[in-house]
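**Student:** One structure follows; several queries about it will come next.
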Amino acid sequence: MTPFLLAAAALVLAVLLLLLRPWWRPLRSKRLALHYLRVATSADFSAQLNTTIHRDRLAELDRDRASGVLAAADYAEAHEELQRQLLDDTAPIEHAAAPESNAHRHGIVIALALLLPVSAVGLYALLGTPAALVAETARTQPGATEMEALVTQLAQKMEKNPDDPQGWVMLARSYKALGRWEEAERAFARIPQVVAQDAALLADRAEVLAQHAGSFEGQPRALLAQALRLDANATQALLLSGVDAFENKRYAVAIGHWQRLLKVIEPGSENAKPIEAAIARARERLGQKVGADDGPEVVQGKAPNAEKPASSAPSVDAKTLAGNAVSGRVELAPALRAKAAPEATVFIFARAVNGPRMPLAVKRVTVADLPLDFSLDDSMAMQPGHGISSAAELRIEVRVSKSGQAMPGAGDLTGASAPVKPGAKGVRVVIDTAGN
């Protein structure tokens, strides 16, 4: 965008210089000024001479009348004729057009200097492509803004009609899609009986609570167990239960959930591939200690069968994780140090530039750890198959949370990197923005 604007500004300036150049020349040369002076002087002298001649002729007429040479009628006619000639001869002589005044000339210059750029911008806005000057992220912003407006309208509608359970479900899921976890939970809380009877809604609410708290501990885990009791094959509940088990290093339990999930989705589909990769990653973590530290499986209340990884199963080794990892350094701007307590929680997220708001990887530290050299990889993914390697381009975001929660809040301090590719090294993120 900047090179285009610079080039356009240079062209407008060049055109202005060409158009205004004649107006900056001296108004007239010294010789031309003297010429106008002579014209004005000679005109004044001629008028004085004509007046003198006509005065003498009038005196002569008076003498002829007094001596009786002219009759009264002839005298009156001659006197009137002389007066008419005098008026004609002494009328103001129209001088040649004088040059424009400095004020008029400067007015034209200013008008051209203002109108030309304004006209150029107006014509480009009318006939050109202004959107081409806007960054890609800015061009996609109106769509997000429009969705926010629609969700706001739905929220207002629900406040006026609170007895519509499907409306609350739609509102809660809309907030969830926007990453507004706290508002999504409040919407789910308006219809607890409806949620309690639907496994999919129980899983949605569990995810919202987990995103808000940064963990499946407590109520989110209980909601997932309740969902699986209602429907042992609830896909979202199986997926999230596997994620919960994986994060707590209960890899065999995670495998059990995800294997059951594979049975209810189309084999070999795009949805199945990330689940298969997650199972392979869990098996890689288990190594030869399959089932050693696992608790009872949530799905059936039984411990999963311990089994060693099949030799033909795909694996995600440390080399692959390292190759996709994004690493760099997080620093806190000196101007904001006084606003961050040493024990405050710091979240380091990797998010897809064009994709869902759910983090691709998360790391939690404290302000006391800063500055910090960080590394994020697929093992830190919130959902299997949705890690750093799944994004074409991602951004590292950092938040110093005043509340200690992952959900943005008042008084948080933030910073973000420029878009980077999976595997990027030396990424620098400065926490330099204070929230309201």
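**Student:** Please work out if F246 is in contact (Cβ under 8 Å) with a residue 24 or more places away in the chain, in a loop (DSSP other than H, G, I, E, B) and aromatic (F, W, Y).
**Tutor:** When the stated conditions are applied, F246 does not pass them.
**Student:** Select, from A277, A206, the only residue that is open to solvent by 10 Å² or more (accessible area, probe 1.4 Å), within 24 Å of G387 (Cβ to Cβ) and not in a loop (DSSP other than H, G, I, E, B).
**Tutor:** Residue meeting the stated conditions: A277.
**Student:** Looking only at region 410-436, count every residue that is in contact with a helix residue (DSSP H, G or I) (Cβ under 9 Å, 6 or more places away or on another chain) and within 14 Å of A340 (Cβ to Cβ) and tell me the total.
**Tutor:** Here the count works out to 6.
**Student:** Could you please give the count of residues in region 410-434 that are farther than 16 Å from S375 by Cα, small (G, A, S) and open to solvent by less than 40 Å² (accessible area, probe 1.4 Å)?
**Tutor:** Selection size over region 410-434: 2.
**Student:** Right, next: Quick one: would you say Q197 is among the polar types (S, T, N, Q), under 20 Å from D231 (Cα atoms) and touching a residue at least 12 places away in the same chain (Cβ under 8 Å)?
**Tutor:** yes
**Student:** Do we have E270 as closer than 16 Å to H386 by Cα, among the acidic types (D, E) and either open to solvent by less than 70 Å² (accessible area, probe 1.4 Å) or not in a helix (DSSP H, G or I) (or both) here?
**Tutor:** It is true that E270 is closer than 16 Å to H386 by Cα, among the acidic types (D, E) and either open to solvent by less than 70 Å² (accessible area, probe 1.4 Å) or not in a helix (DSSP H, G or I) (or both).
**Student:** Let me ask you something else. Would you mind telling me which numbered condition in (1) within 27 Å of the chain's Cα centre (by Cα); (2) not in a loop (DSSP other than H, G, I, E, B) F374 fails?
**Tutor:** The number of the failed condition is (1).
**Student:** Only one residue in R186, R180 is modelled with pLDDT of 90 or more, basic (K, R), open to solvent by 10 Å² or more (accessible area, probe 1.4 Å) and closer than 30 Å to N354 by Cβ. Which one?
**Tutor:** Testing whether each residue is modelled with pLDDT of 90 or more, basic (K, R), open to solvent by 10 Å² or more (accessible area, probe 1.4 Å) and closer than 30 Å to N354 by Cβ leaves just R186.
**Student:** Which number in (1) aliphatic (A, V, I, L, M); (2) open to solvent by 20 Å² or more (accessible area, probe 1.4 Å); (3) at pLDDT 90 or above marks the one condition that V400 misses?
**Tutor:** It is condition (2) that V400 fails.
**Student:** Looking at region 380-393, can you tell me whether even one residue there is in contact with an Asp or Glu (Cβ under 7 Å, 6 or more places away or on another chain) and surrounded by fewer than 17 Cβ atoms within 10 Å (Cβ to Cβ)?
**Tutor:** No, because not a single residue in region 380-393 is in contact with an Asp or Glu (Cβ under 7 Å, 6 or more places away or on another chain) and surrounded by fewer than 17 Cβ atoms within 10 Å (Cβ to Cβ).
**Student:** Tell me, which residue of region 334-375 that is charged (D, E, K, R) and within 20 Å of R180 (Cβ to Cβ) is least open to solvent (accessible area, probe 1.4 Å)?
**Tutor:** Among them, the one singled out is R351.
**Student:** Which ones in region 217-233 are under 19 Å from P359 (Cβ atoms) and modelled with pLDDT of 90 or more?
**Tutor:** If the condition is that a residue be under 19 Å from P359 (Cβ atoms) and modelled with pLDDT of 90 or more, then P220 is the only one that fits.
**Student:** Just give me the residues in region 191-226 being β-branched (V, I, T) and more than 24 Å from R250 (Cβ to Cβ), in sequence order.
**Tutor:** Once the filter is applied, which keeps residues that are β-branched (V, I, T) and more than 24 Å from R250 (Cβ to Cβ), region 191-226 yields I191, V194, V195.
**Student:** I'd like to check something: does region 386-397 contain any residue that is within 19 Å of the chain's Cα centre (by Cα), within 29 Å of E276 (Cβ to Cβ) and part of a loop (DSSP other than H, G, I, E, B)?
**Tutor:** Checked region 386-397: at least one residue is within 19 Å of the chain's Cα centre (by Cα), within 29 Å of E276 (Cβ to Cβ) and part of a loop (DSSP other than H, G, I, E, B).
The values are calculated or read from the model by the stated rules, or taken from the named source; none is laboratory data. Just so we're clear, the structure is a prediction, and the values are computed from it rather than from any experiment. Note: ideal-geometry Cβ built from the backbone for every residue, glycine included; neighbour counts use all protein chains shown. Ligands, DNA and RNA are excluded from the accessible area calculation, which covers all protein heavy atoms including side chains. Shrake-Rupley method; radii C 1.70, N 1.55, O 1.52, S 1.80 Å.
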